[in-house]
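**Student:** Sharing a structure, written as structure tokens. Questions coming.
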Amino acid sequence: MHKLILAAAAGIIGAVATAASAQTILVSMKGPGAGNPFWAAVERGATEKAAEMGVDVVVLSPPTESDVPAQIAQVEDQLAKGVDGIVIAPTDPNALAPVIDEAIADGVSVVFIDTKGANEGVTYIGTDNQMGASLAAKHICENVEEGADVAILQGIVTQSTGKARADGSHEGLSACGLNIVAEQTGEWDRAKGLAVMENIITGNPNLKGVFASNDNMGLGAIEALKNADMLDQVFLVGFDANPDAAESVLAGEMAATVAQNPYNMGAFGIESVLTLISGGSLDPVIDTGTVLVTMENAEDFN
Amino acid sequence: MTASPENSGIESPESMQKLPLGVRLIPFFDRYGILIVIVAMGAVMWALQPDVFLSWRNITNIFKQTAANGMLSIGMFVVILTAGIDLSVGSVLALGMMTLAVSNAAGVPWPVALALSPMMGLAAGFVNGIGITKLRMPHPFIMTLGMLFMARGLANLISGGVPYSGLPDPIRFLGSARIYLGEFDGTRINLPVVFLFTILVYFLFWILLEHTVFGRRVYAIGGNPEAARVSGINVDRTLIIVYAICGFMAGIAGLIMAGRTNSGFPNAGTGMELEAIAAVIIGGASFFGGRGQVLGIFGGVLIMGLIKNGLNLNNVSTFWQQILIGAIIVLAVFIDVLRRDLGTRH
């Protein structure tokens, strides 16, 4: 009976075991590429760039973005195996800091992608989220009348991404004279975004604009607006430009969304860590860029 | 390792001679089966990653990665021995960890901050025990499910849901300190303190459960609570102690994880109650209470750690880890079912 367990384990491990070769880069993502287009694009960027540069790449991620110990364990295990560079999007910047320090002490080159880590002197490659959120705010300003009621659906503001998008949108919306009636968190979650939006429109029937810090919350909010027959009067801009959101933009429901460039994160990550390995130096922050996605260009993101 | 009288449940040697081979092997597999599985798994992983798997660094990684689950699992085991369950351990871990991190940031002296994690765990476990016995909750599931939410909420409340990082070395000692043993073949050999601590904890629990009156009571309550009551065991008091122990161990796990990550973070321990239950079941404990051994639980924790480590080393997606662990849980319980069949059919 016990042999069965082994046979199963051996079969699966055996099927995927690969031979090691010269230079290996670990790409440690927050969540799995399967089922999440964002991480799938990061993975594609990394693997294509690695193939181009002729290095091996190992892409790993914890099963969910909240499974911090799993990501730490993956990095430790790959360090034991021996990698030359690490491109990592930390699930929790503080909790990952000790193992990143360990890697650096081992002489392994490290860069952060998507989320800035807590370790000093490590280059961050990702979206300037504050800039992206101002871009969205500017678009709302141009499309609703001055002084109108608007709301912000925040992500988790204890994370740098959540905070940057909250700050960028707040500054942008208040600078053009809009009346921010609510700033609440939907914790990046679609169902929570829906519930928070329901509460906001109950208290603010004259709402004219919404910035959702990610598309998931934005799509949840759209459901809430539809149920309340308010979708026509509310101009909603999301963030991330995931395929569902692009479809929603094309359908005329979500007004716009902001696209990050996850492919660049993967590709720049590999390129930058190779620069470090060969003795070069990097800027502390490398912006991968943002672009506004509206009816005109949404097809590209669908 | 001697099984306590309550959990052997197998006939005397003479009568066993007449039984089929499968039945006669049961006690052997009960005691050593898990070690065979571990050795065999190790052999497979060594064959796949000969340069890495048995390296000192990888071996110590496995222990570092499994230590927190090891603490939760041994506490969970004591609870499951009484035919109970504690769903709150993951949240209690977070509560202990966040209390520690927040109080440290607030300038509380480190010995106090350090002790706060296990003490919060103990308090949460004590409340669980009171709820299950004195408030007569219909099943430990209910009380500890309530505690799962309360402890998580309390952890977020005291921290504002914000991570706190930067802990002093004495607090990090248990989770991250290493003892330098010397240099062999040009590599520095360090022994993680948490490895020694895990061995010590499991040894103490082995004494407690398999060699003390308290341990016999725990097994007896799980075997048959009414009989235990009639034979003069104070079931309520024993159960309160059992849940307090489980909570205390969750607090210890929080201390270890805080040291390992140099922080307290709000998501800590999410879902870890299920990992602990999985380790206990894979380790051969009966969900109906009264049966299982400390060595088995150690094995269960190690098996979960080995699966994750082995798959990580081979760059396998974590989805496979989940599938494999799930399959092994079902398989482990199926083996238990077969074992019961064999034990009762003749």
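The values are calculated or read from the model by the stated rules, or taken from the named source; none is laboratory data. Computed from a predicted model, the values in this text were never measured in an experiment. Here the Cβ is made from the backbone with ideal geometry for all residues, glycine too, and neighbour counts use every protein chain on show. The accessibility values were calculated without ligands, DNA or RNA, using every heavy atom of the protein model including side chains. Shrake-Rupley method; radii C 1.70, N 1.55, O 1.52, S 1.80 Å.
**Student:** Taking the convex hull of the alpha carbon atoms in the stretch B:13-91, what volume per residue do you get, in Å³?
**Tutor:** 155
**Student:** What's the extension gain from residue A:300 to residue A:199 if we count 0.36 nm per residue and subtract their Cα-Cα distance?
**Tutor:** In short, 33.0 nm is gained.
**Student:** Let me ask you something else. Please give the per residue volume of the convex hull enclosing the alpha carbon atoms of the stretch A:94-142, rounded to a whole number of Å³.
**Tutor:** Measuring per residue, one finds 72 Å³ for the Cα hull of the stretch A:94-142.
**Student:** Also: Keeping all protein chains in place and using 1.4 angstrom, which order do A:30, B:134, A:192 fall into by accessible surface area, from largest down?
**Tutor:** Sorted descending by solvent-accessible area, the residues read B:134, A:192, A:30.
**Student:** Cut-off 14 Å, label point 7 angstrom out along Cα-to-Cβ of residue A:228: give me the residues of the stretch A:167-198 whose amide nitrogen falls inside.
**Tutor:** A:181-184, A:193-198
**Student:** Sticking with this structure for a sec: Just name one of B:296, B:255, B:70: the one whose Cα is farthest towards the positive end of the charge dipole of the stretch B:34-338 (beta-carbon charges, Lys/Arg +1, Asp/Glu -1).
**Tutor:** B:255
**Student:** To the nearest whole percent, what portion of all C-alpha pairs in the stretch B:107-195 is separated by more than 15 angstrom?
**Tutor:** For the stretch B:107-195, the fraction of Cα-Cα distances above 15 Å is 73 percent.
**Student:** Among A:268, B:77, what's the order by accessible area (1.4 angstrom probe), most exposed first?
**Tutor:** Working: A:268 60, B:77 0 Å².
The most accessible residue leads, giving A:268, B:77.
**Student:** To continue, here is another question. Determine, at each q value in 0.18, 0.24, 0.29, 0.31 (inverse angstroms), the log₁₀ of I(q)/I(0) that the Debye formula gives when each Cα of the stretch B:269-326 is one equal point scatterer.
**Tutor:** Values returned for q = 0.18, 0.24, 0.29, 0.31 Å⁻¹ are -0.63, -0.96, -1.16, -1.22.
**Student:** Of the candidates B:170, B:50, B:192, which one comes out as most mobile in a Gaussian network treatment of chain B with C-alpha springs shorter than 10 Å?
**Tutor:** B:50
**Student:** If you wrap a convex hull around the alpha carbons of chain A, what volume per residue comes out, as a whole number of Å³?
**Tutor:** 151
**Student:** Here are some pairs, A:30/A:163; A:30/A:81; A:30/B:64; A:49/A:116; A:163/B:64; A:30/A:138; which of them have Cα atoms lying more than 24 Å apart in this structure? Don't skip to the answer; put the middle values down first.
**Tutor:** Details: A:30/A:163 18 Å; A:30/A:81 21 Å; A:30/B:64 21 Å; A:49/A:116 22 Å; A:163/B:64 33 Å; A:30/A:138 30 Å.
Checking Cα-Cα distances, A:163/B:64; A:30/A:138 exceed 24 Å.
**Student:** With the calculation restricted to Cα positions, what are the radius of gyration and Dmax of the protein assembly as shown in angstrom?
**Tutor:** Here Rg and the maximum Cα pair distance are 27.0, 94 Å.
**Student:** Running a GNM on chain A with Cα contacts under 10 Å, which residue among A:125, A:270, A:104 ends up with the highest mean-square fluctuation?
**Tutor:** A:104
**Student:** Using only the Cα atoms of the stretch A:112-175, what are the Rg and Dmax in Å?
**Tutor:** Looking at the stretch A:112-175, its Cα Rg and Dmax stand at 13.7, 44 Å.
**Student:** Going by accessible area, probe 1.4 Å, with all protein chains left in place, what is the ranking of A:190, B:152, largest first? Walk me through the numbers before you get to the answer.
**Tutor:** Values: A:190 105, B:152 45 Å².
Result of the area sort, largest leading: A:190, B:152.
**Student:** With N residues in the stretch A:129-259, what two-decimal value do you get for its Cα radius of gyration over 2.2 N^0.38 Å?
**Tutor:** Cα-based Rg divided by the globular estimate yields 0.89.
**Student:** How much accessible surface does residue B:330 have with a 1.4 Å probe, in Å² rounded to 10?
**Tutor:** Using a 1.4 Å probe on the heavy atoms, I get roughly 100 Å².
**Student:** A further question follows. How big is the Rg/Rh ratio for the stretch B:169-288, C-alpha atoms only, Rh by Kirkwood, two decimals?
**Tutor:** Details: Rg = 18.6 Å, Rh = 17.2 Å.
Radius of gyration relative to Kirkwood radius: 1.08.
**Student:** Also, quick follow-up: What do you get for Rg/Rh over the stretch B:34-338 if you use C-alpha atoms and the Kirkwood form of Rh?
**Tutor:** When Rh is taken as the Kirkwood radius, the ratio is 0.98.
**Student:** Quick one: among B:115, B:278, B:268, which has the greatest mean-square fluctuation in a GNM of chain B with alpha-carbon springs under 10 angstrom?
**Tutor:** Judging by the Gaussian network model, the answer is B:115.
**Student:** Accessible surface of residue B:159 in the full protein assembly, 1.4 angstrom probe, to the nearest 10 Å²?
**Tutor:** In the full protein context, residue B:159 sits at about 10 Å².
**Student:** Can you give the charge dipole size of chain A about its Cα centre, rounded to the nearest 20 debye, using +1 on the beta carbon of Lys and Arg and -1 on the beta carbon of Asp and Glu?
**Tutor:** Using only the charged Cβ atoms, the result is roughly 580 debye.
**Student:** 222 nm [θ] for chain B, helices only, -39500 (n - 2.57) per DSSP H run of 4+, per residue, to 500? Please list the in-between numbers first.
**Tutor:** Details: 16 runs with 251 residues, N = 346.
It lands at -24000 deg cm²/dmol.
**Student:** Among DSSP beta bridges lying fully in chain A, give the percent that are antiparallel, nearest 5. Please list the in-between numbers first.
**Tutor:** Values: 3 of 39 bridges.
Among the beta bridges of chain A, antiparallel pairing accounts for roughly 10 percent.
**Student:** Report the Cα-based extents of the stretch A:194-264 along its three principal axes, largest first, to the nearest Å.
**Tutor:** The Cα atoms of the stretch A:194-264 stretch 41, 21, 16 Å along the principal axes, largest first.
**Student:** Over the heavy atoms of residue A:135, what accessible area does a 1.4 Å probe trace out, to the nearest 10 Å²?
**Tutor:** 60
**Student:** Within chain A, which is the longest segment that contains none of the GluC sites (Glu not before Pro) sitting in a DSSP loop with at most 11 other Cβ atoms within 10 Å?
**Tutor:** A:147-295
**Student:** Considering only DSSP beta bridges with both partners in the protein assembly as shown, what is the antiparallel share in %, to the nearest 5?
**Tutor:** Here the antiparallel bridges make up roughly 25 percent for the protein assembly as shown.
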